[in-house]
Amino acid sequence: MRERLARRTSEISSFYVMELLRRSKELEAQGRNVIHMEIGEPDFPTPFTIVEAGIRHLSTGAVKYTPAAGLPELREQIAAFYRQRYQITVDAQRIFVTPGASGAFLLALGVSLNPKEELLMADPCYPCNSNFVTLLGGTTRTIAVDANSHYQLTATQIQENWSSQTKGALIASPSNPTGTLISPDELKRCVNTVDDLGGCFYSDEIYHGLVYGTDATTALAYSNNVFVINSFSKYFGMTGWRIGWLIVPDEFIEAAEKLAQNIYIATSTQSQYAALAAFNEDTLAELERRRMELAGRRDFLYDNLLRLGFEIPVKPEGAFYIYANCKKFTNDSYQFALDLLETKALAVTPGIDFGSHDARHMLRFAYTTSVDNMNIAMQRLGHFINKG
Ligand SMILES: Cc1ncc(COP(=O)(O)O)c(C=O)c1O
């Protein structure tokens with residue numbers, strides 16, 4: 001009989017955290033107060049300036065398709081943002097507005113990856129990126145990384161793992177799940193190494209802007225021959241609006257335009273009009289207040305996890321995650337997360353969702369909830385560890 005389900009679906013991993021989410025919904029339905037530290041989006045609403053701009057546009061009723069690459073004025077504004085924030089000039093023609101970073105990476109892979117070609121990525125990393133590669137018939141070679149390189153790939157690892165099949169390498173800095181950044185020097189070496197090898201470099205910069213006590217460097221600082229993936233989801237607080245952007249090297253502009261037209265026609269029109277307000281002064285001031293709040297949350301969580309006996313060999317400087325080693329308490333962080341939810345109503349994400357390297361000793365804590373909530377969470381965690 002003909003197979004009805006595509007074979008590739010069996011190669012796409014699903015998230016273990018979904019089981020935790022399912023169970024936490026049940027517990028909440030029973031009246032338990034679950035504290036969510038597994039969620040990859042902050043508890044802040046979209047800044048009102050952005051919401052207002054979206055509503056203003058919606059009320060005109062002119063919600064038609066935009067050009068596939070996005071509203072020209074939004075692409076110009078993104079280019080201006082690169083000039084202001086990074087002192088880098090990017091031609092707006094190279095900027096594609098996409099349905100989130102997810103759409104951006106899919107578009108980048110769509111124009112650059114052939115079936116059977118391989119991409120190098122860190123383990124641990126954000127799993128959807130490698131699933132996109134699988135979807136397009138490519139393969140991922142994950143390379144174990146640890147605290148010594150701030151959980152980031154190094155140029156030496158890229159060089160050593162490069163084979164005749166390898167098409168390129170992906171770096172996500174700040175990283176999900178570790179919140180750590182690659183150093184500017186290492187990023188430059190990675191970009192140059194991939195360039196010398198004739199491959200494609202993909203830089204997932206979705207957590208740029210959410211960086212504490214340092215600055216994140218864009219791969220564009222070192223080459224125009226890179227794909228940069230970014231989004232309005234995290235820093236700009238627009239997860240549900242589904243809007244992001246991709247910057248492509250010149251030679252990919254035409255192909256990206258063609259592919260974008262075909263796979264999604266255009267990004268949501270009202271989201272694009274809303275995003276026009278993302279770079280105005282009031283919005284950026286509000287985002288800065290939120291960044292400061294997140295920095296305080298990071299410090300609170302970091303100090304408390306260390307106090308409780310978790311190991312965090314490198315203090316994360318970005319995103320809103322802490323990837324903590326729990327080997328003092330368990331050899332099975334997934335079971336630990338299930339038991340923690342069941343007995344203490346605290347939800348965190350097990351390492352196994354981000355790869356296999358030392359994953360059973362790791363838990364990702366997201367500081368996407370208030371210090372008050374995290375205070376209660378830390379008490380629950382303390383009692384759980386001490387079997388209280
Ligand atoms: C590293 C990384 N890249 C990409 C994405 C996709 O984000 P979006 O499609 O919402 O822009 C996420 C979402 O959590 C992420 O953590």
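The values are calculated or read from the model by the stated rules, or taken from the named source; none is laboratory data. Just so it is clear, the model here is predicted, and its values are computed rather than measured. So basically every Cβ, Gly included, is an ideal-geometry build from the backbone, and we count neighbours across all protein chains shown.
Residues that are among the β-branched types (V, I, T) and out of contact with any strand residue (DSSP E or B) (no Cβ under 7 Å at 6 or more places or on another chain) within region 189-234 comprise T193, T214, T217, listed in sequence order. Among the conditions (1) away from the ligand (no atom under 16 Å from the Cβ); (2) surrounded by 13 or more Cβ atoms within 10 Å (Cβ to Cβ); (3) touching a residue at least 24 places away in the same chain (Cβ under 8 Å), the only one that K64 does not satisfy is (2).
Does region 296-307 contain at least one residue that is touching an Asp or Glu at 6+ places or on another chain (Cβ under 7 Å) and either in contact (Cβ under 8 Å) with a residue 60 or more places away in the chain or outside any loop (DSSP other than H, G, I, E, B) (or both)?
Kept after step one, since they are touching an Asp or Glu at 6+ places or on another chain (Cβ under 7 Å), are these residues of region 296-307: none.
Among the residues of region 296-307, not one is touching an Asp or Glu at 6+ places or on another chain (Cβ under 7 Å) and either in contact (Cβ under 8 Å) with a residue 60 or more places away in the chain or outside any loop (DSSP other than H, G, I, E, B) (or both), which makes the answer no.
Scanning region 73-91 for residues that are surrounded by 13 or more Cβ atoms within 10 Å (Cβ to Cβ) and either under 12 Å from T269 (Cα atoms) or in contact with a Leu (Cβ under 9 Å, 6 or more places away or on another chain) (or both) yields L74, Q77, Y82, Y86, I88, V90.
Looking at G209, G198, G179, G240, which is the one that is within 14 Å of the ligand (Cβ to nearest atom) and surrounded by fewer than 17 Cβ atoms within 10 Å (Cβ to Cβ)? Break it down stepwise before answering.
Numbers: G209 fails: surrounded by fewer than 17 Cβ atoms within 10 Å (Cβ to Cβ); G198 fails: within 14 Å of the ligand (Cβ to nearest atom); G179 fails: surrounded by fewer than 17 Cβ atoms within 10 Å (Cβ to Cβ).
After applying the criteria, what remains is G240.
Taken over region 370-388, the criterion of being surrounded by fewer than 16 Cβ atoms within 10 Å (Cβ to Cβ) and more than 15 Å from L301 (Cβ to Cβ) is satisfied by H383, N386, K387, G388.
Scan region 353-388 for residues that are among the charged types (D, E, K, R), within 22 Å of the chain's Cα centre (by Cα) and in a helix (DSSP H, G or I) and report the count. Steps first, please.
Kept after step one, since they are among the charged types (D, E, K, R), are these residues of region 353-388: 353, 358, 360, 364, 372, 380, 387.
Then drop every residue that is not within 22 Å of the chain's Cα centre (by Cα), which leaves 353, 358, 360, 364.
This time we only want the ones that are in a helix (DSSP H, G or I), so: 353, 360.
So the answer is 2.
Inspect region 45-60 for any residue being part of a loop (DSSP other than H, G, I, E, B) and hydrophobic (A, V, I, L, M, F, W, C) and give the result as yes or no.
Taking region 45-60 first, the residues part of a loop (DSSP other than H, G, I, E, B) are 45-47, 59-60.
Cutting the leftovers down to hydrophobic (A, V, I, L, M, F, W, C) gives us none.
No, every residue in region 45-60 fails to be part of a loop (DSSP other than H, G, I, E, B) and hydrophobic (A, V, I, L, M, F, W, C).
Scanning region 164-199 for residues that are touching a Lys or Arg at 6+ places or on another chain (Cβ under 8 Å) and more than 18 Å from G351 (Cα to Cα) gives Q165, T166, G199.
Does S130 satisfy being in contact (Cβ under 8 Å) with a residue 12 or more places away in the chain, under 14 Å from the mean Cα position of the chain (by Cα), surrounded by fewer than 23 Cβ atoms within 10 Å (Cβ to Cβ) and under 30 Å from T368 (Cα atoms)?
Details: in contact (Cβ under 8 Å) with a residue 12 or more places away in the chain: yes; under 14 Å from the mean Cα position of the chain (by Cα): yes; surrounded by fewer than 23 Cβ atoms within 10 Å (Cβ to Cβ): yes; under 30 Å from T368 (Cα atoms): yes.
In short, yes.
Within the set A101, A122, the sole residue that is in contact with a Gly (Cβ under 9 Å, 6 or more places away or on another chain) and within 23 Å of A155 (Cα to Cα) turns out to be A122. Among the residues of region 220-237, are any under 16 Å from A172 (Cβ atoms), of a type in the set (G, A, S), more than 14 Å from the ligand (Cβ to nearest atom) and within 21 Å of the chain's Cα centre (by Cα)? Taking every residue of region 220-237 in turn, none turns out to be under 16 Å from A172 (Cβ atoms), of a type in the set (G, A, S), more than 14 Å from the ligand (Cβ to nearest atom) and within 21 Å of the chain's Cα centre (by Cα).
Can you tell me which residue among I35, I50, I12 is at pLDDT below 95 and among the β-branched types (V, I, T)? It would help to see each step written out before you state the result.
Working: I35 fails: at pLDDT below 95; I50 fails: at pLDDT below 95.
After ruling out the rest, the residue left standing is I12.
Candidates R8, R23: the one that is touching a strand residue (DSSP E or B) at 6+ places or on another chain (Cβ under 9 Å), more than 16 Å from the ligand (Cβ to nearest atom) and of a type in the set (D, E, K, R) is R23. Of the residues making up region 235-244, at least one is of a type in the set (S, T, N, Q) and either at pLDDT 95 or above or closer than 30 Å to G61 by Cα (or both). The residue that is farthest from Y202 (Cα to Cα), counting only those in region 243-264 that are within 14 Å of the ligand (Cβ to nearest atom) and outside any loop (DSSP other than H, G, I, E, B), is G244. When region 308-342 is filtered for residues that are surrounded by fewer than 19 Cβ atoms within 10 Å (Cβ to Cβ), out of contact with any helix residue (DSSP H, G or I) (no Cβ under 8 Å at 6 or more places or on another chain) and in a helix (DSSP H, G or I), only Q335 remains.
When S163, S233 are checked against the criterion of being of a type outside the set (A, V, I, L, M, F, W, C), more than 24 Å from I50 (Cα to Cα) and in a loop (DSSP other than H, G, I, E, B), S163 stands alone in meeting it.
Looking only at residues that are within 12 Å of the ligand (Cβ to nearest atom) and among the small types (G, A, S) in region 74-128, which one is farthest from M362 (Cα to Cα)? Within region 74-128, the match that is farthest from M362 (Cα to Cα) is A108.
When you check T267 against the structure, is it within 22 Å of the chain's Cα centre (by Cα) and part of a loop (DSSP other than H, G, I, E, B), yes or no? I'd like the intermediate steps shown before the answer.
On the way: within 22 Å of the chain's Cα centre (by Cα): yes; part of a loop (DSSP other than H, G, I, E, B): yes.
So T267 fits the description; yes.
Kindly indicate whether any position in region 250-262 is in contact (Cβ under 8 Å) with a residue 12 or more places away in the chain and closer than 26 Å to E288 by Cβ. Within region 250-262 (the criterion being in contact (Cβ under 8 Å) with a residue 12 or more places away in the chain and closer than 26 Å to E288 by Cβ), the answer is no, since none of the residues qualifies.
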